[in-house]
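One structure below.
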Amino acid sequence: MGLKTCADVQCYDFSSFIKEFGKFGFSIWQRYHRIDDGPLCIDPPIKSVGVEFTLPNDIYSWDKCCSIIDEFIP
């Protein structure tokens, strides 16, 4: 189809896109033209919480990793 960039998709003929991809083609075409009729949710519910710990120095050996890993597992 010769589509390599977002600009290529934006310039591609709508009816050809639908013929090639069907319903999914319509969805792709809308996304590349910034069309979104979905509801706007300003304050979505929190689905998960992540916690990250970073070591002060990089570890380069498996033995060192094994020696400190228990400190990070609750």
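Mind listing whichever residues of region 25-74 are more than 30 Å from Met1 (Cα to Cα) and either touching a residue at least 24 places away in the same chain (Cβ under 8 Å) or in contact with a Cys (Cβ under 7 Å, 6 or more places away or on another chain) (or both)?
Just the residues of region 25-74 that are more than 30 Å from Met1 (Cα to Cα), to begin with: 39-74.
Within region 25-74, just Ile59 meets the criteria.
Mind listing whichever residues of region 31-71 are surrounded by 10 or more Cβ atoms within 10 Å (Cβ to Cβ), more than 30 Å from Phe17 (Cα to Cα) and among the charged types (D, E, K, R)?
Listed by number, the list holds a single entry, Lys64.
Quickly run through region 1-49 and pick out the residues that are in a helix (DSSP H, G or I) and aliphatic (A, V, I, L, M). Steps first, answer last, please.
As a first pass, look at region 1-49 and keep what is in a helix (DSSP H, G or I): 6-11, 14-21, 23-32.
Within region 1-49, Ala7, Val9, Ile18, Ile28 meet the criteria.
Considering only region 31-71, state which residues are at pLDDT 85 or above and of a type in the set (S, T, N, Q).
Ser48, Asn57, Ser61, Ser67, listed by residue number.
With Ser61, Ser48 as the choices, which residue is within 20 Å of the chain's Cα centre (by Cα) and farther than 30 Å from Val9 by Cβ?
Values: Ser61 fails: within 20 Å of the chain's Cα centre (by Cα).
Answer to the selection: Ser48.
The values are calculated or read from the model by the stated rules, or taken from the named source; none is laboratory data. These numbers were taken from a predicted model, which means no experiment stands behind them. No Cβ is skipped: glycine too gets one built from the backbone with ideal geometry, and neighbour counts run over all protein chains shown.
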